[in-house]
Each structure stands twice: as structure tokens, then as C-alpha cells.
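Okay, structure first, notes after.
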Amino acid sequence: MNLSVELAPYNKRGLQLKNPVMTASGTAGYGMEYAELVDIERLGAIVSKAITLKPRCGNPQIRLAETASGLLNSIGLQNVGVDTLIKEKAPIWSTWGVPVIVNIAGESIAEYGELAHRLEGVAGVSGIEINVSCPNVAMGGMEFGKSPEIAAAVTEAVKSRTTLPVMVKLTPNVTDITEIARAVVEAGADAISLINTLTGMIIDVSTRKPLLGSVSGGLSGPAIKPIALYMVYQVSQAVDVPIIGCGGIASADDALEFIMAGATAIQMGTATMVNPNAPLEVVEGLERFMDSEGINDIAELVGVARLP
Amino acid sequence: MKQVLATVLSNSEVLPDIHLLCSPAPEIASESMPGQFVMVRTSEDHDPLLRRPLAIHRVSPLASPIQLALLFSVVGRGTKWLAQCKEGDEIDLLGPLGHGFRVQSRHLLLVAGGIGIAPLVALAENELARGAHVTLILGAPTQDQLYPAHLLPPGIELLVATEDGSDGQKGMATDLLANFTGKADQVFACGPVAMYEVMSSQTSIKGRSVQVSMEARMGCGFGVCLGCAIETRQGMKLVCQDGPVFELEDIIWRGEKGGD
């Protein structure tokens with residue numbers, strides 16, 4: 001039975017995963033915490049928390065709130081900065097038998113290029129995920145991912161400074177996500193991951209004010225799964241690079257839905273925070289499904305839900 | 001840190017809207033230190049979605065297997081679900097998590113505001129067993145809401161404050177603090193933020209080692225989501241991983257923050 005997937009077929013270096021299950025950026029830290037709880041080497045890949053050129057403190061409290069089957073967050077890209085990541089985190093990753101993909105966020109197009117340049121040749125880094133979809137920062141983030149021209153320019157800036165496989169993580173907070181997807185693929189993206197969180201808010205009726213310190217946040221979790229799934233279905237038919245589906249996946253059946261919609265691989269975030277074992281349960285569930293359905297290669301399932 | 005499915009041994013309302021849940025969870029209990037917590041799943045599906053952080057109230061090392069006791073307020077849908085768990089039900093626990101109390105003395109003063117008694121009982125039990133002298137100031141709005149004295153470990157020196165004066169001294173737990181800080185080398189507190197803010201302005205505890213257990217909304221409980229980050233004089237710290245126990249003087253209270 002073959003669960004392995006290739007995420008960057010058009011890139012010289014390629015990015016082969018032993019299975020299609022990855023952790024989603026921002027919900028796995030730098031991977032070390034999960035390494036203590038589960039056998040991370042059984043995962044397809046780990047995507048690290050978004051990194052910026054300089055360390056960031058993130059947003060004020062309150063940063064999190066639970067909603068119906070969902071989680072609204074506004075962390076604000078708190079991170080250690082790329083230099084510390086290269087010095088302290090990457091050497092640990094280089095000893096792991098699981099690829100680590102680094103999610104990068106810039107405050108300008110040039111900063112994205114600079115981040116890619118700094119990560120070039122760093123042992124332990126297997127790929128880059130461009131974050132043009134964080135809804136919780138004033139500068140950069142989602143603003144770069146709402147315009148096809150700017151998203152393409154960011155992708156080009158990164159591609160021109162790295163030989164690493166590059167995936168672009170898209171925001172769902174746009175009118176037509178396929179338009180952005182086409183633009184970043186034309187600019188050289190090796191793969192596309194989607195979706196990041198949906199913008200939302202909560203009002204505390206006792207204080208009569210927004211609950212989150214930064215007013216709005218990004219919604220994740222099972223609540224957003226149907227939206228994410230449909231966007232994967234649309235984007236996978238609009239472009240010809242691998243799609244990494246993300247948004248509310250908590251079980252093997254959820255993962256299968258995304259694969260059948262057209263995703264080559266999937267990412268799990270909120271579900272992993274609640275149940276650290278969830279990604280491994282999904283790997284096992286996919287194996288069981290393929291076994292019982294007589295499927296030899298997971299690629300046979302990609303996009304089968306498309307109507308003729 | 002382990003994720004375990006544990007069977008509920010007992011779960012009862014020991015005070016109005018406050019439950020005491022006991023469960024054998026040797027993998028967690030045997031590793032836990034006073035002040036640490038567990039993340040408890042409070043649904044069988046995705047709603048409520050997140051685990052709830054609950055202080056480790058007590059560990060019974062002599063029980064076989066080792067038992068873990070959790071004391072929690074029923075405040076929302078998650079804790080309501082947990083309050084309805086019965087003997088024989090399974091609960092999903094992740095822990096022990098965070099850094100607990102750091103004891104370096106033999107004369108301890110504990111200050112509990114309401115449900116803040118939860119982690120302090122484990123601390124008192126541990127330290128009394130080591131031969132330390134432990135004084136507890138226990139505060140609650142009324143006598144009915146006071147943690148039952150018969151559940152406290154024997155040998156503890158108990159002082160009570162109630163807001164309506166129905167038991168002990170009338171007033172807040174912090175009102176009693178000044179009279180007793182002189183006897184203690186270290187102070188350990190757990191209660192609402194308002195209690196800590198009063199403590200941080202009290203002259204009687206200036207210059208003393210005071211550790212407080214902080215509370216925050218948590219997503220994961222083990223340092224990956226960064227949802228519980230707070231500002232301290234040592235930089236941004238995670239309540240779940242760097243805490244929940246912090247030095248009182250390291251915390252920057254909302255009123256102190258300048259600017260906007």
C-alpha cells in the first residue's frame with residue numbers, strides 16, 4: 001500500500017512525504033512539543049509556526065475564544081524570529097526523520113524574499129510555506145494574499161531566492177480564491193495550501209465590547225470544514241500543482257473528503273491541539289480505508305469526487 | 001506529559017457549583033507536582049471543542065493505582081459536561097502540564113481565594129508530609145462557599161475570611177495577609193486576578209517570595225498555540241508552559257501598562 005505523496009513535482013529538489021498528513025502552521029509550534037507526546041516521525045511533515053525576520057511579541061490578551069465547534073484566535077504571529085529559528089530549532093529538525101516546512105511571514109514583499117534567502121541551505125528545512133493569509137497582523141499577512149498581483153509578487157520574490165519547494169497558503173477571505181491560486185501558480189508556486197482561518201469576532205455582552213484583544217480573529221476547527229472543502233474542490237480544478245487541504249479536519253473521514261475533493265495532502269491544526277494523537281489516528285484511518293477498499297496508492301483517490 | 005483515558009471513580013458537588021472528581025490516572029499522577037494542571041476533554045465530539053485546564057487538586061499516592069483529584073467550578077458548557085460524568089465514565093486527560101510551585105522553605109503561607117484552593121491542597125499535603133509548617137488563609141464570599149475544613153490535610157493551620165462575616169474574619173483573604181506574612185518564608189497564592197492585584201500593592205509582602213497561579217484561556221495547554229501568552233517583566237510568557245505559577249512581582253497588571 002502506498003501512502004506517499006509528492007508535493008513539489010515541478011521542483012528539482014521535490015518534497016516527498018511518507019504519507020499525506022501534516023500539522024498546520026501555528027498549531028504545532030516548532031514541533032518539539034509534539035515530539036514529546038507522539039511519534040512525529042510517523043507524520044508526513046510538520047509545518048512550523050510562522051516566522052518573521054525579527055522576533056514578534058504577538059497580540060494582547062484575550063487571544064483565544066471557543067465558538068460552536070470552532071476556535072477564534074488572534075495570536076498575532078508571536079515568534080522567535082528567523083535567526084533564532086536557524087540557530088536553535090533547525091539543528092534539532094535536521095535529526096528528525098520527518099520533513100519540516102517553515103511557514104514565513106513578511107511585512108513587505110522584500111522581507112519574504114529575505115526570509116527565503118536566509119533559509120536557503122539550512123539543514124533541517126525541507127520546504128517553505130508562504131503565509132499571505134494571517135488575518136491577525138496590521139502589516140503583511142492576509143493583505144498580501146487578497147490581491148492576485150501582490151500574492152504573485154510575493155511568490156516570485158521567494159522563488160527567486162530559494163531552491164526549496166515553495167507552497168503558498170491562501171486566505172479564504174476573498175471573493176474568488178481560484179483567481180489568487182492561478183496567480184501564485186503562474187508566479188512559480190510548487191504547491192498551494194488552503195485554507196487559512198476565516199475572519200470573525202465575538203462580542204462580550206457583559207462588557208459590551210469585542211472579546212478578543214485585537215477585535216477580530218481567525219476562525220478554525222470543524223465549524224469551517226465545509227467551506228474549506230469546497231474551496232479545495234474549486235482550486236484543485238483551477239490549477240495543476242498539488243493542493244494541501246486544511247480547515248477543520250479531525251478524522252480520517254474528514255481527510256478522505258479533502259483528498260476526494262482534490263487535495264494531494266492535508267494539514268491538521270485545531271484538532272491536533274485538542275487531541276495530539278489525531279494526525280496519527282488519521283494516518284491509521286487512511287490505511288484502514290485503503291485496505292478495506294482495495295486501494296493500492298492514495299493517489300487513486302485524489303479528486304475522485306469531481307463530477308465529469 | 002501523557003494523554004490518558006481515565007475512569008471516573010467519584011464525582012460529587014462538594015460546594016455549590018463546585019465539583020470534586022477522582023480518577024485513577026497513575027501515568028499522570030505519579031509525575032505531577034503541586035501547581036501543575038491537566039487539560040480535560042469535555043465532550044465526545046467537537047462541541048465544546050477545546051479541553052479545559054483544571055488544577056491538580058490532590059494526588060493520593062497510597063491508593064492503588066495512584067489517584068488524581070480535580071476540583072472545578074461549573075462555569076460553562078464544558079465544566080457542566082464534566083460535572084455530569086458518573087462513576088465508571090471515561091475522561092480524556094492530558095498532563096501533567098506546566099510548572100508548579102517552587103518550594104524553598106519550611107514555613108509556607110498559602111492564600112486561597114474561592115476555587116483558588118484547588119492547587120493549594122496538593123501543595124499543603126506535600127509540604128506537611130515533608131515536615132514543613134503550613135498556614136492557609138482561606139477566603140470565600142460566604143460560609144457555604146468555604147472549602148470544607150475536614151477535607152484539608154491534618155496539621156495545617158487554618159484561617160478563614162468570608163466577605164459576609166458568616167465564618168472567620170469578615171473581609172477578604174488578603175485582609176488577613178499582613179498579620180501572618182511575618183511567620184512565613186514564602187507565600188503561595190491562587191485566586192482571582194483582583195486578589196493578586198491587591199497583594200501586589202500590599203507593603204507587608206514587598207520583598208518576599210510570592211508565587212501565584214495564573215489563569216488564562218488556553219487552546220492546547222502544552223505550548224503550541226501561544227493563546228495564553230501574558231506580558232511579564234521577563235518578556236512574553238506562556239501561562240500553560242512557563243507557568244501557571246509565576247513570581248507575583250514578574251506579572252505586569254493591566255493597570256500598570258502605559259500608553260493606550
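Of all the residues that make up the range A:1-59, how many are among the aliphatic types (A, V, I, L, M), out of contact with any Pro (no Cβ under 8 Å at 6 or more places or on another chain), within 14 Å of another protein chain (Cβ to nearest Cβ) and in contact (Cβ under 8 Å) with a residue 60 or more places away in the chain?
Residues meeting the conditions: 7.
Yes/no matrix, rows are residues, columns are (1) touching a Lys or Arg at 6+ places or on another chain (Cβ under 8 Å); (2) buried (at least 22 other Cβ atoms within 10 Å of the Cβ); (3) in a strand (DSSP E or B):
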site: A:Ile46; (1), (2), (3): no, yes, yes
site: A:Lys49; (1), (2), (3): no, yes, yes
site: A:Lys54; (1), (2), (3): no, no, no
site: A:Ile62; (1), (2), (3): yes, no, no
site: A:Leu71; (1), (2), (3): no, yes, yes
site: A:Leu77; (1), (2), (3): yes, yes, no
site: A:Ile86; (1), (2), (3): yes, no, no
site: A:Lys89; (1), (2), (3): no, yes, no
site: A:Ile92; (1), (2), (3): no, no, no
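Which of the residues that make up the range A:173-196 are buried (at least 24 other Cβ atoms within 10 Å of the Cβ) and not in a helix (DSSP H, G or I)?
Across the range A:173-196, the qualifying residues are A:Ala189, A:Asp190, A:Ala191, A:Ile192, A:Ser193, A:Leu194, A:Ile195, A:Asn196.
Yes/no per residue for (1) on the phi > 0 side of the Ramachandran plot; (2) under 16 Å from the mean Cα position of the chain (by Cα); (3) not hydroxyl-bearing (Ser, Thr, Tyr):
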position: A:Pro9; (1), (2), (3): no, no, yes
position: A:Leu15; (1), (2), (3): no, yes, yes
position: A:Glu33; (1), (2), (3): no, no, yes
position: A:Thr67; (1), (2), (3): no, no, no
position: A:Ser108; (1), (2), (3): no, no, no
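For the range A:124-143, does any single residue satisfy the condition of being among the aliphatic types (A, V, I, L, M), assigned to a loop (DSSP other than H, G, I, E, B) and over 21 Å from A:Gly58 (Cα atoms)?
Yes, the conditions are met somewhere in the range A:124-143.
Report, by residue number, each residue of the range B:94-115 that is closer than 22 Å to B:Ile18 by Cβ, touching a Leu at 6+ places or on another chain (Cβ under 8 Å) and either of a type in the set (Lys, Arg) or assigned to a strand (DSSP E or B) (or both).
Passing the criteria: B:Leu110, B:Val111, B:Ala112.
Specify the residue that is nearest to A:Thr84 (Cα to Cα); the eligible residues are those in the range A:26-56 that are at pLDDT 95 or above and polar (S, T, N, Q).
A:Thr52
Tally the residues that are assigned to a strand (DSSP E or B), surrounded by fewer than 24 Cβ atoms within 10 Å (Cβ to Cβ) and either more than 7 Å from chain A (Cβ to nearest Cβ) or of a type in the set (S, T, N, Q) (or both), restricting the search to the range B:207-237.
Count: 6.
Condition check ((1) under 30 Å from B:Glu44 (Cβ atoms); (2) touching a residue at least 24 places away in the same chain (Cβ under 8 Å); (3) surrounded by fewer than 20 Cβ atoms within 10 Å (Cβ to Cβ)) across all residues:
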{"residue": "B:Leu94", "(1), (2), (3)": "yes, yes, no"}
{"residue": "B:Phe101", "(1), (2), (3)": "no, yes, no"}
{"residue": "B:Ser105", "(1), (2), (3)": "no, yes, yes"}
{"residue": "B:Ala112", "(1), (2), (3)": "no, yes, no"}
{"residue": "B:Gly131", "(1), (2), (3)": "no, yes, yes"}
{"residue": "B:Leu136", "(1), (2), (3)": "no, yes, no"}
{"residue": "B:Gly139", "(1), (2), (3)": "no, yes, no"}
{"residue": "B:Leu159", "(1), (2), (3)": "no, yes, yes"}
{"residue": "B:Thr162", "(1), (2), (3)": "no, no, no"}
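So in the range B:41-73, with the set limited to residues that are within 15 Å of the chain's Cα centre (by Cα) and of a type in the set (Val, Ile, Thr), which one is farthest from the other protein chains (Cβ to nearest Cβ)?
B:Val59
Check the range A:19-33 and report whether any residue there is assigned to a loop (DSSP other than H, G, I, E, B) and over 15 Å from B:Cys225 (Cβ atoms).
Yes, the range A:19-33 contains a residue that is assigned to a loop (DSSP other than H, G, I, E, B) and over 15 Å from B:Cys225 (Cβ atoms).
Pick from A:Glu300, A:Glu287, A:Glu281: which is out of contact with any helix residue (DSSP H, G or I) (no Cβ under 6 Å at 6 or more places or on another chain), of a type in the set (Asp, Glu) and either within 22 Å of A:Val100 (Cβ to Cβ) or assigned to a loop (DSSP other than H, G, I, E, B) (or both)?
The match here is A:Glu281.
Anything in the range A:60-86 that is at the interface with chain B (Cβ under 9 Å from one of its Cβ atoms) and among the charged types (D, E, K, R)? List them, or say none.
If the condition is that a residue be at the interface with chain B (Cβ under 9 Å from one of its Cβ atoms) and among the charged types (D, E, K, R), then A:Arg63, A:Glu66 are the ones that fit.
Restricting to the range B:238-254, name every residue that is within 14 Å of chain A (Cβ to nearest Cβ), assigned to a strand (DSSP E or B) and within 30 Å of A:Met268 (Cα to Cα).
B:Leu238
The values are calculated or read from the model by the stated rules, or taken from the named source; none is laboratory data. This one's a predicted model, so the numbers in the text were calculated from it and none came from an experiment. Because the Cβ atoms are built from the backbone with ideal geometry, glycine has one as well, and the counts that use them run over all protein chains shown.
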